[in-house]
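The values are calculated or read from the model by the stated rules, or taken from the named source; none is laboratory data. For clarity, every value in this text was computed on a predicted model and none was experimentally measured. Quick reminder, even Gly has a Cβ in these numbers, built from the backbone with ideal geometry, and neighbours come from all protein chains shown. Heads up: the accessible areas ignore ligands, DNA and RNA and are worked out on the full protein's heavy atoms, side chains in. Shrake-Rupley method; radii C 1.70, N 1.55, O 1.52, S 1.80 Å.
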Number of protein chains: 2
Amino acid sequence: MKAALAVVAVWVGVSGVMGSIPQVKPTVGQVWPSPQMQQPNNTYMIVRPETFKFTTTGHDCDILRNATQRYMKIMFPDKGSRRSSIQPWSKTKAFTGYLDEVTINLMAPCEEKPYNDMDEHYQIKIDSPDAQGIGTIMAQSIWGILRGLETFSQMLIPDGSAFMVNTTQIMDFPRFGHRGLMLDTSRHYLPVAVLKENLDLMAMNKFNVFHWHVVDDQSFPYVSTAFPNLSKLGAYTERHIYTPADVAEIVEYARLRGIRVLPEFDTPGHTQSWGPGQPGLLTPCYTGSVPSGTFGPINPINEDNYKFLKDFFTEVTTQRFTDHYVHLGGDEVSFNCWQSNPNITAYMAEHNITGDYSKLEQVYITKLLDVIAHLPNKNGYLVWQEVFDNGVEIASDTIVHVWKGGSTAGEEMNKVTKAGYQTILSSCWYLNYINYGVDWHAYYDCDPTNFNGTDAQKQLVLGGEACMWGEFVDRTNLIARTWPRASVVAEKLWSAIDQTQSTDAATPRLEEHRCRLLGRGYGVEPLWPSFCEADI
Amino acid sequence: MKAALAVVAVWVGVSGVMGSIPQVKPTVGQVWPSPQMQQPNNTYMIVRPETFKFTTTGHDCDILRNATQRYMKIMFPDKGSRRSSIQPWSKTKAFTGYLDEVTINLMAPCEEKPYNDMDEHYQIKIDSPDAQGIGTIMAQSIWGILRGLETFSQMLIPDGSAFMVNTTQIMDFPRFGHRGLMLDTSRHYLPVAVLKENLDLMAMNKFNVFHWHVVDDQSFPYVSTAFPNLSKLGAYTERHIYTPADVAEIVEYARLRGIRVLPEFDTPGHTQSWGPGQPGLLTPCYTGSVPSGTFGPINPINEDNYKFLKDFFTEVTTQRFTDHYVHLGGDEVSFNCWQSNPNITAYMAEHNITGDYSKLEQVYITKLLDVIAHLPNKNGYLVWQEVFDNGVEIASDTIVHVWKGGSTAGEEMNKVTKAGYQTILSSCWYLNYINYGVDWHAYYDCDPTNFNGTDAQKQLVLGGEACMWGEFVDRTNLIARTWPRASVVAEKLWSAIDQTQSTDAATPRLEEHRCRLLGRGYGVEPLWPSFCEADI
């Protein structure tokens, strides 16, 4: 039917033979995202699950021990089971020997937790001229070792009961330091198990920031010890919540995978769900001279609110989340309610800003930023682009998050960096906007530094984030809809710019990667007519 | 972000209060699809899982026994487990007594298998004036009993460890006899377990036809005993197949749920995957005077092909599928390859149809229909609309399947029925075409009889089918993407036309139904910001 036609069109330039052969022929043993430098050879070593082990020669720590155990399971899920009993591996391809051991050489002590711009360089050598017959993963940082382990796990090519590994050398590091994925747990609740599953997939795609848009208008699942009523009255139900233990579990799970958890508490708009649990916080809207019973953004003229925000963010940044940064939101503030409120009108007259509601928004943001500036941990912050657009005075180390309309995004990146601020891009990577057909090409064609600006300006681009807003996703479809589409963004943010110019070149590698993730047990959706061994 | 805005717009006229309260407040104990006639009361009976049972007073059979056992599990999944130990039910709502037994009165012997236009009427009485304190499900046919059991299961309202049931009377029957869902197992393979899960959901939405688009260009998963090479060389792999046992399992699973399995083997186009296993079947395409090595539609001038089709469809209709009807496809035949083939050109000159390739298509279809007309079981058939559009002579009992462009669909329905043919509609129900946002309103606003035509013409509209083409769905996303969007089509095809005019009225009922299906263990996706008890 139509669908079939639509797709035939899609294949032009992408597909191989039609008919019983799948349109996209996957690569074999290629790494996603593509490493910066790789020197493949036409020889192979054989990895036997029964005898293979990782050994540590350099520094060691809990993150490393946890990771080697984890990757043994990822690489050899069927170890000791039926899989081992299927036909033995062959030596068909130029065989240079058995790889029974990969040495992990961490050259500096472990850092305790991941952070902005951490070192993620690593090197892999398999049977290299200077180290024949052996395998090594080496890095200056535990974060590099984690990335190297993922890369090594992707190099294994099933061959009977064993695996072939190309005798290759890899030197790799990320193009951008901020490679994020944003999830929204307000429009729909996402169980902790699903958030962890998503963190697994992030690690397998070398993402390093989980931007957690915890609360919004629709619900307040975050449990605050200091203000328990926020979730008690703001969550969908008393079961649709994230307890302190839940948050700690997620932060630790992410830490062990070299992923930062960046919490967002978006104000003054998008805060309807805060209202019931914190009387006085939201602006009462008026009909004529009487309150209508509905509420607007946080009330900027109620001084008590800044005390509340100080205590709230203090708890967030000292007792829940360990990252240096917090995302303060600041997007899409509607002025209607403020306009209806006579006390607001009086305040504005008093301060000579009558009628200029973005000035009122500035008043709020300025006081909020002052609160944040005095937090115990002196946290850094990110804000959505409106805060910058509205000309609010923001700290010089503020990271401006660009999200608006694809076409204007370039100008915005130029403005923001010209003003000397660091920035990350999401405009072209709103994965929640779905379309029929192959929609990932647009993600792959988008580049955070593709705007008019000096090299100095482009240095201020820290990276970007894929966003999956929650209006239409919950535990039933989050993983399938986010992946492998987010993998496309992952490669744009990790790999060298000249390696990510062609969707045609990426296609067979992406096909292999999608089947790889499916084979590892994750329900990631197909990108075109295709099959994987793990379909059945 | 943008996403949030988009949704706020969506809520106009649909939503209740914003903020922590979900936008859509679900109904409680409402039935989906809406019954034709229901007389609710403001009194309730209490159903206790420990003591409740179905009893049979009328005729009995394996389908009925299987169904009562199945619905006991659907209604009381936690029977005897922790759920029973939670707080006891209350008698708050006007309590009229315990409903410990529902009598099933099948007034005529069971029919062995479902068929086109089978009787699906049923009646439910709970504590009715003429039968106080008892519950009854009665019908003239086993199919009506099955629909009644689903309806009864949806009437249960959890209340502590028990359930409340409104003391209501329902008289119900479908608006249309053909209420189908089409799945495509060629673009992606769907495991038998997923097809069964989908059949469960079809039964829970009172669909009665599983239209199985088994094979297409991309792969040939159907195993033919007579022609084993078709799947051996045409399937994605030797594991991506449906054996005779698989087909039998699916047909039986559907039969027990009152669902017909309508197999489609689409020819002469969409047949690339048939080629490798059946040399001579497809038309060799030429470059100049030499075969190019590629192939086109089935070769209409090779007489051996009609012998093959006779043997193939004989096996399909006598040894695999039990339904009286078979879907013959006939859509989207490309003429390029035929045009390139000198033997085809010679044949057409010989038959004075030079240049008129739709005439050549007619030659093929006419011969195919002759083959079908002489099958042992004298099967009826469906064809996609092109077969009618091209003016091929088709049997008077042919069902024409309308799928093309929404706007022209009405005219097509008019033409087809004016010509005296029966028809089903799919044009507006291509669920594979996804969009961002709330997209089900268009499905609900579409009506198969909404075209210019006489009442006699509209009598020829048998119903319709939701179609989920397989280019972008496999086991990872089929269920979530198909449901509950297909539920919307289900109600349009079952419920009275005047009951299905308002998406606003349907919204809270659809919300309850979605949470119901999620609660039953099916990963059906959300339709808007919302929550269900089963989220966690």
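Which are the unpartnered cysteines of chain B, meaning those with no other cysteine Cβ under 4.7 Å from their Cβ?
That list is B:467.
What does the C-alpha gyration tensor say about the overall shape of the protein assembly as shown? Classify as rounded when a/c is under 1.5, otherwise prolate if a/b is larger than b/c, or oblate.
oblate
Give me a comma-separated list of calculated 3J(HN,Hα) values for region A:441-447, in order, Karplus coefficients 6.51, -1.76, 1.60 applied at θ = phi - 60°, integers in Hz, x for any Gly or Pro.
4, 4, 5, 6, 7, 8, 10
From the C-alpha coordinates alone, can you work out the Kirkwood hydrodynamic radius of region B:416-536, in Å?
Its Kirkwood hydrodynamic radius stands at 15.7 Å.
If I take R0 = 56 Å and measure r between the Cβ atoms of residue B:41 and residue B:408 in this structure, what FRET efficiency does the formula 1/(1 + (r/R0)^6) give, to the nearest 0.05?
It comes to 0.75.
Leaving out ligands, DNA and RNA, what percent of the accessible area of region B:31-172 is carbon and sulfur, probe 1.4 Å?
Numbers: 3140 of 6110 Å².
Heavy-atom surface of region B:31-172 belonging to carbon and sulfur, 1.4 Å probe: 51 percent.
Straight-line reach from residue A:25: which aspartates and glutamates have Cα under 15 Å away, leaving out those fewer than 8 places along the same chain?
By straight Cα distance, residue A:25 reaches A:504, A:511, A:512, A:533.
Given the alpha-carbon gyration tensor of region B:39-183, what are the semi-axes of its equivalent ellipsoid in whole angstrom, ordered largest first, with each equal to the square root of 5 times an eigenvalue?
27, 17, 14
Rolling a 1.4 angstrom probe over the protein chains, ignoring ligands and nucleic acids, what is the accessible area of residue B:294 in square angstrom, nearest 10?
Taking all protein chains as shown, residue B:294 has close to 80 Å².
Do you know the relative contact order of chain B, to the nearest whole percent, from alpha carbon pairs under 8 angstrom that are 6+ apart?
16
To the nearest 20 debye, what is the magnitude of the charge dipole of the protein assembly as shown about its Cα centre, counting +1 on the Cβ of each Lys and Arg and -1 on the Cβ of each Asp and Glu? Could you put the intermediate results ahead of the total?
On the way: 86 positive and 118 negative charges, 362 e Å.
Roughly 1740 debye for the protein assembly as shown.
Please report the spacing between the Cα centers of region A:148-179 and region B:117-162 in Å, no decimals.
Here the two parts' Cα centres lie 59 Å apart.
Going through the cross-link list A:206/A:404; B:206/B:378; A:307/A:378, which pairs have a Cα-Cα distance over 21 Å in this structure?
Flagged as over cut-off: A:206/A:404; B:206/B:378.
Roughly how big is the A-B contact, given as buried accessible area in Å² (both sides, 1.4 Å probe, nearest 100)?
Buried area between the two chains comes out at roughly 5700 Å².
What figure, in Å² to the nearest 10, do you get for the accessible area of residue A:72 with a 1.4 Å probe and non-protein molecules left out?
Spelled out: residue A:72, probe radius 1.4 Å, area about 40 Å².
Scaled to the compact-protein estimate 2.2 N^0.38 Å, what is the alpha-carbon radius of gyration of region B:429-499, rounded to two decimal places?
1.26
Could you give the nm distance between label points at residue A:318 and residue B:501, where each point is 7 Å from its Cα heading toward the beta carbon?
6.3
Take the alpha-carbon centre of region B:221-240, take the same for region B:473-536, and report the distance between them in whole Å.
After rounding, the separation between the Cα centres reads 36 Å.
What nm distances, shortest first, do you get from the label point of residue A:445 to those in the other copies when the point sits 7 angstrom along Cα to Cβ?
3.0
Binning at 10 angstrom from zero up to the longest distance, how are the C-alpha pair distances of region A:178-501 distributed in percent?
6, 26, 34, 25, 8, 1, 0
Counting heavy atoms of the protein chains only and a 1.4 Å probe, report the per residue accessible area for chain A as a whole number of Å².
So chain A comes to 35 Å² accessible per residue, rounded to a whole number.
Rounded to whole Å, how close does chain A get to the rotation axis onto B by Cβ? Give me the residue too, please?
Of all Cβ atoms in chain A, the one nearest the axis gives A:434, 3.
Got the residue B:192 label distances to the other copies yet, label 7 Å along Cα→Cβ, in nm, shortest first?
Ordered by increasing distance: 3.9 nm.
Contour minus end-to-end for residue A:157 and residue A:459, with contour as 0.36 nm per residue of separation and end-to-end as the Cα-Cα distance?
Contour length minus Cα-Cα distance gives 104.9 nm.
State which stretch of chain A is the longest one without any exposed GluC sites (Glu not before Pro), exposure meaning a DSSP loop state and at most 15 other Cβ atoms within 10 Å.
A:394-536
In region B:431-463, what residues drop by 50 Å² or more of accessible area when the other protein chains are put back, versus the chain on its own? Use 1.4 Å, and skip ligands and nucleic acids.
Buried by the other chains: B:433, B:434, B:436.
Compute the label-point distances linking residue A:345 to its equivalents in the other copies; points lie 7 Å from Cα along Cα→Cβ; give nm, one decimal, shortest first.
Residue A:345 label point versus its equivalents elsewhere: 8.4 nm.
Once both labels are modelled 7 Å past Cα along the beta-carbon direction, what's the residue B:130-residue B:73 spacing in nm?
3.6
Once the dipole of region A:31-172 is set up with Lys and Arg at +1 and Asp and Glu at -1 on Cβ about the Cα centre, which of A:58, A:121, A:152 lies farthest towards its positive end?
A:152
Between residue A:111 and residue A:435, what length in nm is gained on full extension when 0.36 nm per residue of separation is reduced by their alpha carbon distance?
The residue A:111-residue A:435 span can extend by a further 112.5 nm.
How much net charge surrounds residue A:378 when only other residues with a Cβ under 15 Å from its Cβ are counted (Lys, Arg +1; Asp, Glu -1)?
Within the 15 Å Cβ shell, the charges total -2.
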